[in-house]
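The values are calculated or read from the model by the stated rules, or taken from the named source; none is laboratory data. In this text the structure is predicted, and so the values were computed from the model without any measurement. As a convention, Cβ positions derive from the backbone with ideal geometry for all residues, glycine included, and neighbour counts pool all protein chains shown. Remember, those area values only see protein heavy atoms, side chains included, never the ligands or the DNA or RNA. Shrake-Rupley method; radii C 1.70, N 1.55, O 1.52, S 1.80 Å.
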Amino acid sequence: MTTSDPTTAPKGVDTLLILLAIALLAALVVPLVPAGLFEPGAPVALDRFVWVPDAPSSTLFGTEDGRGFLNFLFEGLTSGGRNGAAVGVIALILIVGGSFALVSATGAVDRGLMALVARTGDRPAWLLGSLFVAFSLGGAVFGMGEETIAFIVLLLPLVDRLGLPRECAVMATYLASQVGFATSWMNPFSVLVAQGIAGVPPLSGAPFRVAMWATFTAVGVVFTVLYARRHRRQPAPGQAAVAAPAPTPMNWADRLILLGLLATVVWIVWGVTERQYYLPELSAQFFGLGLFAAIVAWLDRRMSANRLAQTFTDGVKQLVPVALVIAAAKGMLWLLGGADPHQPSVLNTLLYGMGLALDGWPTWAAAQGMLLFQSIFNFFVTSGSAQAAITMPLMAGLGDLLQVSRQVSVLAFQLGDGLTNLVVPTSAVLMGAIGVAGIGWSQWLRIIWRLELLFLAMASAAVAVAVGIGYV
């Protein structure tokens, strides 16, 4: 298994190029738009907005406290501190990348999945249900995406022998991973990035998201199993007895690594909810997981110490683009004057204008509008981290004006981003997944549109419930 590349936008346009263009646009717009602020000492509200015509503007190159386009990336990288974005969140992201790379390189997860296929291959309902839960969990924890394509290739001969339609292989892998991606409580490519940009404590609100993940996953399992039963055909003669490909046997090291992964997930959820663990503690927990996997792999003599060190380094390298995306997002905020509502900035002016357009909307309607916006925006930018970098700086502040909590703003982002990945033709991973199964996009849409509408309705309900309970 490899870590998903979260920084590639559709049609081959790199996310950093998009963010660079937006930063340049911001630098050009700032001198033309008067800055403003919301009166200090009072709640942020439209009637508390004050124009500040003599606020500092931006140039090409800034010195000391000046703002310049060429400075935005450095300013973004060095913003915040160890307990916030960008420095703290970037440190967490890089450590997560190295640790997950170690777990993946041991092969324990791959062998575990193939063992699951072998044990349930003669019982289609158990096979599909088990795979759906496993890949949904992979999407929630690892941010799985394109690696599901390899598993689809492995599963196709099995589903053919069992008389199952080929789309079931896509549902139990790619579709499941995106359900987990959309409802995750710890996805490093969407939730952590969005929470960091929005100024929300990383991994906060986990219990609500865990319950949401379980609900969406259960619905996906039921749909997949019922679809398989309805469309199953008789296996070809002579093939009915062939249940599953022979997997590479799991040994004590594989089981110990998988147990360590499960224990770490439980430890993290407990630490965040019961002990209020924050970036330093979370980073240590993830590093502990990677170190544990490395030690077990070394004791089992499947990887040398030097190779383990290089694997960790390569995993860190793989998430450097995500770190740059976070830095670019914070740098854009800096160009616009910063995210402090009580300091002069063009961002406050933009938020004031958007707030006027939505003035009078009830909180629940504003939250639903955010969900709709994120769902539509994902057609153009399917990368989760890129969408977070582009939209969350505005959506978080807009939520403040409309009494929508920042946690709900993040929730609307992740649901809108993840669930539409099931149908948008601009998703390269979706097109690759259905392509290897020999399914056309229009055929896939005819199969999945009812489930997609159900998921979107459930997403809307989840956002409504979050608003109703005061989710923060």
Which one of Val429, Val424, Val465 is under 18 Å from the mean Cα position of the chain (by Cα) and in a helix (DSSP H, G or I)?
Val429
Specify which of the listed residues (Leu164, Leu131) is within 24 Å of Ala118 (Cβ to Cβ) and outside any helix (DSSP H, G or I).
Leu164
Subset of segment 427-444, residues of a type in the set (Ser, Thr, Tyr) and within 17 Å of Phe380 (Cα to Cα), comes to Ser427
Expected single match for within 29 Å of Pro34 (Cα to Cα), assigned to a helix (DSSP H, G or I) and not basic (Lys, Arg) among Gly355, Gly360 is Gly355
Go through segment 123-145 and give me each residue that's open to solvent by 20 Å² or more (accessible area, probe 1.4 Å) and farther than 16 Å from Gly180 by Cβ.
Arg123, Pro124, Ala125, Trp126
Which numbered condition Ser385 fails, given (1) open to solvent by less than 10 Å² (accessible area, probe 1.4 Å); (2) at pLDDT 85 or above:
(2)
Exactly one condition in (1) at pLDDT 90 or above; (2) of a type in the set (A, V, I, L, M); (3) buried (at least 19 other Cβ atoms within 10 Å of the Cβ) is false for Ala244; which is it?
(1)
In segment 165-174, is there at least one residue being hydroxyl-bearing (Ser, Thr, Tyr), closer than 23 Å to Ala466 by Cβ and touching a Gly at 6+ places or on another chain (Cβ under 9 Å)?
no
Restricting to segment 290-327, what's the tally of residues that are of a type in the set (Val, Ile, Thr) and farther than 21 Å from Gln387 by Cα?
5
Restricted to segment 79-122, and to residues that are within 26 Å of Arg67 (Cβ to Cβ) and not in a helix (DSSP H, G or I), which residue is least open to solvent (accessible area, probe 1.4 Å)?
Ala86
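Residue by residue, here is whether (1) out of contact with any helix residue (DSSP H, G or I) (no Cβ under 7 Å at 6 or more places or on another chain); (2) over 27 Å from Gly384 (Cα atoms); (3) open to solvent by less than 60 Å² (accessible area, probe 1.4 Å) holds:
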site: Leu24; (1), (2), (3): no, no, no
site: Ala35; (1), (2), (3): no, yes, yes
site: Pro40; (1), (2), (3): yes, yes, no
site: Pro43; (1), (2), (3): yes, yes, no
site: Thr59; (1), (2), (3): yes, yes, no
site: Phe69; (1), (2), (3): no, no, yes
site: Leu73; (1), (2), (3): no, no, no
Taking segment 359-371 and keeping residues crowded, with 16+ Cβ neighbours inside 10 Å and of a type in the set (A, V, I, L, M) leaves Ala366, Ala367, Met370, Leu371
Which members of segment 146-163 meet the condition of being open to solvent by less than 40 Å² (accessible area, probe 1.4 Å) and free of Cβ contacts under 8 Å to residues at least 24 places away in the same chain?
Val159
Mind counting the residues in segment 348-357 that are surrounded by 15 or more Cβ atoms within 10 Å (Cβ to Cβ) and either modelled with pLDDT under 85 or touching a strand residue (DSSP E or B) at 6+ places or on another chain (Cβ under 7 Å) (or both)?
6
Being open to solvent by 40 Å² or more (accessible area, probe 1.4 Å) and under 29 Å from Ile448 (Cβ atoms) is the filter here; which residues of segment 198-212 pass it?
Phe208, Val210, Ala211
Conditions first: (1) at pLDDT 95 or above; (2) of a type outside the set (Gly, Ala, Ser); (3) open to solvent by 60 Å² or more (accessible area, probe 1.4 Å). Trp267 passes all but one, so which condition is the exception?
(1)
Candidates Ile295, Ile326, filtered to the one that is open to solvent by 60 Å² or more (accessible area, probe 1.4 Å), in a helix (DSSP H, G or I) and not charged (D, E, K, R)
Ile295
